[in-house]
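The values are calculated or read from the model by the stated rules, or taken from the named source; none is laboratory data. Note that this is a predicted model, so its numbers are computed, not measured. Cβ: placed from backbone, ideal geometry, glycine included. Neighbour counts: every protein chain shown. Accessible surface areas use protein heavy atoms only, side chains included; no ligands, DNA or RNA. Shrake-Rupley method; radii C 1.70, N 1.55, O 1.52, S 1.80 Å.
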Amino acid sequence: MSNSSTAPEPAVSAPAASNPEPSADAAVVPPPAPELSLHASLLRALATHPGTRTLTLHTLLSHPHPPTTPALFPYLPTASPTPPTQQTILVTLSSTPPSPSSTPTRVLTSALEANLYTLPYGQLLFISKVDSTGLAAHPGAPSPLRKLIRALIAHFASSATAPLWVHVFARAQGAYLFPASETNGTKRPLEDAALQRWWRATLASLALPDSYPAPKKFYLLPGFSPDEARPILPALPGWIYSHPFLPAQSTALVSPLTGEPISPDTPLAHLIPSFPDDPKSRFLEELASSSEAIDARALKRVKLSSGEDTASKDAERAAAVKALEKVSVEEFWERIGFRQECASGRVTGFFTLVFPVPSPTTIASAPPSAQPLLPPCIIAHLIATLGRHDFSSLASSERATREWEQSVRDLILGASSSSSTSASASVPTSASDFSSAAEATLHLSAAEFDAGVRGEVTTDVPVPARKEGAGAEGAPGAGAVEKPAQILAVKKKKKRAD
C-alpha cells in the first residue's frame, strides 16, 4: 500500500498481488463496538496497526441534511413521503514517525471521503474518494488506509438497524484528495486492473462479530463478460459477478427506498441512486432526459426548464419517468459498459456490499457515544481547502499538513484566525452562510474537539513478515513483477438494422 519503499500507492485504491484476498491484516482489526462513535471506532482499529509511529486522526461528520444535487432518487413518479437525508464524512490520517529530533514532523498519509444516506428502509454508504500520499510510512508496514476503510464500513454495519448498502466505483487516477501527490517520488498509484484487485481484497475481509450475518458481495467490471473479467479478477467464494439487482440474486434483497422485495418489475428509477461524480448518475440523467430508450442513434432530448413553473416541472418529471420506463435494469448495466468513462481502454469497477438487518441480540443496547456533528458547509469548505494544498514533495506536504490541520481546528472551534476568515469567500453557501455555520459550532469545546474530532494513537506493533516478493498487504514489492492481466478488447454493440 502506501509504503514508500516497497508498495504501490493507492489513489482511490491500492495494491494487490495476483490473488490477494483475503488479507491477513483483517485478522488483527478488533471487531467494532456499536456503542462507540465513528471517531472512537476508527481510533480503536488503528491501535492495532503494525509499525511504530504516532497516528493523528481527524473525523468529520456532518449533520443530516437533504441530499446535495443531484437528488438521491430524482426520477421517482412522486416524491417520497419520507425524503432521504445525507451525511458527509471526511477522514484524514497523518503520521509522525519516531525521530531523534525534539520536534518530529507530521505529514498527512491517508484520507477518505464518503456520504451516508438514510432512507425509510435502509442506508446507503457511498465511498466516493480515498487517497494516500505515500509519505511517512513505517518500513515494511502496510498503509493504514485499508484499515480505515474496513473500520468505517464495519462501524455503520454493526450499528445498523436496517439494511446497509455499500457502494464503490473504482477508477484509476493519480490523485483524488492530495493534489500533485503522484509526483512526490514515493507514491506509486495503482494501474486500473491492480486497483480493482485491491478494492475487492479490501472489501472481502471485514472484522464483524461472528454473530453478524455476512453481507452479499457483488462486483462488476463494465464492458467485460464474466469470462473476460476472470483474468483480471478471478472468481472468489462469496462474491457474485453481477450488479446487485439481478433477479436470481436480489430476491432476498429489500429496496431501501420502498421496503419492498426487489423484483424484475422494480422500476429503474427506484433502484439506481444518483451519487455525486458517479457514472451511473450521469447515465441515468441522460436516459431520463431522452424521449426514447437509448440505442445507437442520436437521442431526442427532453428540454428541462429552470423556471419555477410547477406545471412545467410536473410535465418534465412525467417525461423523465416515461423515458426510464423504457429501459430495463439489464439494459442499463449492459449499456453503461459502452460509456466513454467505462470503456476508454481502462478497467473500472463497481463494488456493492449489502448487509442484512442484524438480529436484535447483536445490536448493542448501550446508547452510542456522542460524535460531534458539523454543518455540511464547513466540511465542504475543508474538503475544498485540502484540494488547494500541494503534496508534490515531503516539504510541501509537511507544510500542507500543518496548515490544513490548523484550519480544521480554527474553523470548527470558531476561531477568527486570518487563515480561516480569508478563505471564507469560497465556502459553499446554501441553507446558511459561512459565518452562521461557524457560529453554530462555537458550543464545541476544545476538550470535545480533542475527544470527538481529533485523536492520536501511538502504535508499537511488530510488522508481520511478508511473503517473498510481496510488498505490504500482498502488494507487489520492490523488484517483484506483477503478472500482467489479460485485458480483452471492449465489446462493441452491433448496430440495429433499420
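Total residues in the range 135-150 satisfying the condition of being within 20 Å of residue 42 (Cα to Cα) and open to solvent by 10 Å² or more (accessible area, probe 1.4 Å): the figure is 4. Of the residues 46, 72, the single one that is modelled with pLDDT under 95 and farther than 21 Å from residue 118 by Cβ is 46. Filtered by the rule that a residue be touching a helix residue (DSSP H, G or I) at 6+ places or on another chain (Cβ under 7 Å) and either part of a helix (DSSP H, G or I) or charged (D, E, K, R) (or both), the range 229-279 gives 268, 269, 279. Here residue 113 passes the criteria (1) open to solvent by less than 10 Å² (accessible area, probe 1.4 Å); (2) assigned to a strand (DSSP E or B) except the one numbered (1). Close Cβ contacts (under 8 Å, 6 or more residues apart or on different chains) running from residues in the range 214-228 that are within 26 Å of residue 356 (Cα to Cα) and free of Cβ contacts under 8 Å to residues at least 40 places away in the same chain to residues that are part of a loop (DSSP other than H, G, I, E, B) and of a type in the set (Gly, Ala, Ser) comprise 214/238. With respect to residue 172, is the statement that it is outside any helix (DSSP H, G or I) and either touching a Phe, Trp or Tyr at 6+ places or on another chain (Cβ under 9 Å) or on the phi < 0 side of the Ramachandran plot (or both) true? So residue 172 passes the test.
Counting only residues that are at pLDDT below 90, among the polar types (S, T, N, Q) and open to solvent by less than 50 Å² (accessible area, probe 1.4 Å), the range 360-389 holds 2 of them.
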